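I have placed the structure first, in the form of structure tokens, so that the comments after it can refer back to it.
The values are calculated or read from the model by the stated rules, or taken from the named source; none is laboratory data. Only a predicted model underlies this, so the values are computations on that prediction, with no experimental measurement involved. Every residue, glycine among them, receives a Cβ derived from its backbone with ideal geometry; neighbour counts consider all protein chains shown. Keep in mind that these areas ignore ligands, DNA and RNA; they rest on the heavy atoms of the full protein, side chains included. Shrake-Rupley method; radii C 1.70, N 1.55, O 1.52, S 1.80 Å.
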Amino acid sequence: MSTNIESHLDETRLFPPSQGFSENARIGSRAAYDALYRKSIESPEEFWSAEAEELQWSRKWDQVLDWSKAPFAKWFVGGKTNISANCLDRHLDGPRKDKTAIIWEGEPGDTRTLTYAELHEQVCLFSNALKNNGVTKGDRVIIYMPMVPEAAVAMLACARIGAVHSVVFGGFSADSIRDRIADSGATAVITADGGWRRGSIVPLKHNVDEALNGQGAEQVARVFVLRRTEQDVAMQEGRDVWWHDAVAGASSDCPAEELDAEDPLFILYTSGSTGKPKGILHTTAGYMVGTYVSTKYVFDIRDDDVYWCTADVGWITGHSYIVYGPLANGATVLMYEGAPNQGTKEADWGRFWEMVQRHKVTIFYTAPTAIRAFIKAGEHFPEKYDLSSLRLLGTVGEPINPEAWIWYHKTIGGERCPIVDTWWQTETGAIMITPVPGAIPTKPGSATLPFLGVDAAIVDETGEETGPNEGGKLVIRKPWPSMLRTLWGDDDRYVDTYWKEYQEKGYYLAGDGARRDEDGYFWIVGRLDDVLNVSGHRLGTAEVESALVSHDTVAESAVVGRPDEIKGQGVVAFVTLKSGIEPNEDLNKELRNHVGKVIGAIAKPDEIRFTAALPKTRSGKIMRRLLKEICAGGKISGDTTTLEDFSVITSLQGKEEG
Ligand code: PRX
């Protein structure tokens, strides 16, 4: 459960927001936060309903929360609304109509801006294109796109007509796309010819073609293809249609569908502790309110901000804090297509900072792994640029080690910008634990305090709250609007994974270990299950293992995480080969590539260790704990008496030393 970033820095200072920041903030003091927080927990329905009223509804809800069928929640029961209308149409009556909604920059340096009126028009056109091609309310649509404005347009268009999108990160393989198509029952795919990444083209359409060739994807009737990189792609007649052709004949008049508060909005797949990714289901109104409210308070967002979240829309961070939350707030969002270290022509670790300077970015939200990579690249990159437009920084995805925090604070934030370390998950939909920047003094490495309306706690095995600095499990004790509603097609797994452990108390189990310090600040340690956090991305060890054993030569495998200076965790795979197969360098490489092909490049093991046997208990269970300890280079600790054959460990360790 350790995130394994060794911290050499003993940083115990408290960093309060500057007086200037607090004075202008929505919540400007600890006392103001405390009062609002107390109110939000004592009367959550009042709190959420007051916030929800700031948005547009075609019919107001009758009931804020129906928890009678817990853990199946219904929020804003009876309400009718549309999140696309709240992100677009809501802004068209006033001065935001001509305000920039999206500033986009492609990796090769091409740029585009879209005002709210223009974005609205693009979304309406594409909504009609979807409808003209047979996509209707409730249909599932896979979006496999580069980071271009059309990715946001596609999401908002699906939301507008009530189709359920499922965005698949562009780094995932054809097999991964196919699994998601099959599980969601998607009937349409939206993709592009390619996307730019580190100076090369990611063959998106080609991957979709490969995905559609296999079992489970037969129901896909339409593939929309955006022209981006302009290389040749195969277009299958009757199935594939160019984006520009589909919108050419479409009308730009497309009123948003009136949706029920609980109509599904999207499915996003994420790794769990078994081999099969879970389809996290979010619904319309609760998710809308959660992302709207959190963006408003956590980023303290203003009309004159230029807000940049460096995530990809393929992850929940991109859904909630590039598209829905900021646009619902009428913000100006910067969207960037490529890699952080890729200039317009050659590799360049200054790319991000040059962009901050040129676009005058005021709020910057990224992952600790990126910060660590920037530290390694050197301060001379950011130092070349004027970063004085920045006023607020954020991190997400994994614990931030104090060294990285301090570097971010000094080198990027000029010691003037508060840092919001935001803890949340695909499942929670919105930020759950975070400093509210004008109110909460920060401690490097701590996500600090629960967000408004979030009843977070650390509990022991029996569900009792642990004492100060005692580790335990992170739970959420009350439902919240943007919570997942279920796992797509698998209510039982939803109940088992998140609610079974504290069934009697009705607590949501996050799957993370954490502690609260003497000031009540939360310190997240990391996953308690077999899920790794590689560069802020979730990866199930079982997924990598099943990819490995799908290779002809592999008999068995066990995958564990090991500390990695940049990525947080690296992936180590222990592999035993079928009899008669000899380990060698080529096979090692082939197996790594095989995992890349089955899942995607992010899952490629950093290291494959061939071994004659895996350490097992007498009942045949692989003792992963021992493998982890071997990888971390430490001594084997704890009980090994259940180990079947201790010589396995000795030989694995021998290899370590050799
Ligand atoms: O382990 C926690 C870690 O990321 C997990 C959620 O991953 P995912 O659903 O992919 O969403 C990532 C982006 C929201 C959590 O269970 N995590 C996320 N944010 C933090 C974090 N760990 C520590 N500190 C954080 N700020």
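In table form, for the structure just shown:
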{"item": "Residue check for residue 157: open to solvent by less than 10 Å² (accessible area, probe 1.4 Å) and either closer than 18 Å to residue 319 by Cβ or outside any helix (DSSP H, G or I) (or both)", "result": "yes"}
{"item": "Cβ pairs under 7 Å, 6+ apart, first in the stretch 12-37 and touching a residue at least 24 places away in the same chain (Cβ under 8 Å), second open to solvent by 90 Å² or more (accessible area, probe 1.4 Å) and part of a loop (DSSP other than H, G, I, E, B)", "result": "18/416"}
{"item": "Pair list, Cβ < 9 Å and 6+ apart or interchain, from the stretch 150-170 residues that are closer than 18 Å to residue 488 by Cα to residues that are among the basic types (Lys, Arg) and part of a helix (DSSP H, G or I)", "result": "166/180; 168/180"}
{"item": "Residue among 463, 413, 438, 445 that alone is under 16 Å from residue 522 (Cβ atoms) and either of a type outside the set (Lys, Arg) or at pLDDT below 95 (or both)", "result": "445"}
{"item": "Residue in the stretch 235-256 that is surrounded by fewer than 15 Cβ atoms within 10 Å (Cβ to Cβ), hydrophobic (A, V, I, L, M, F, W, C) and touching a helix residue (DSSP H, G or I) at 6+ places or on another chain (Cβ under 8 Å) present", "result": "no"}
{"item": "Residue match in the stretch 378-395 (condition: crowded, with 24+ Cβ neighbours inside 10 Å and either at pLDDT below 95 or more than 21 Å from residue 305 (Cβ to Cβ) (or both))", "result": "no"}
{"item": "Residue match in the stretch 424-438 (condition: of a type in the set (Phe, Trp, Tyr), away from the ligand (no atom under 16 Å from the Cβ) and either out of contact with any His (no Cβ under 7 Å at 6 or more places or on another chain) or touching a residue at least 24 places away in the same chain (Cβ under 8 Å) (or both))", "result": "no"}
{"item": "Test: residue in the stretch 497-515 that is assigned to a helix (DSSP H, G or I), within 15 Å of the ligand (Cβ to nearest atom) and open to solvent by less than 30 Å² (accessible area, probe 1.4 Å)", "result": "yes"}
{"item": "Subset tally (residues that are outside any strand (DSSP E or B), without any contact (Cβ under 8 Å) to a residue 60 or more places away in the chain and surrounded by 18 or more Cβ atoms within 10 Å (Cβ to Cβ)) for the stretch 175-202", "result": "7"}
{"item": "Subset of the stretch 392-407 that is closer than 15 Å to residue 423 by Cβ and among the small types (Gly, Ala, Ser) - its residue that is nearest to the ligand (Cβ to nearest atom)", "result": "397"}
{"item": "Condition check for residue 296: surrounded by fewer than 20 Cβ atoms within 10 Å (Cβ to Cβ) and part of a helix (DSSP H, G or I)", "result": "yes"}
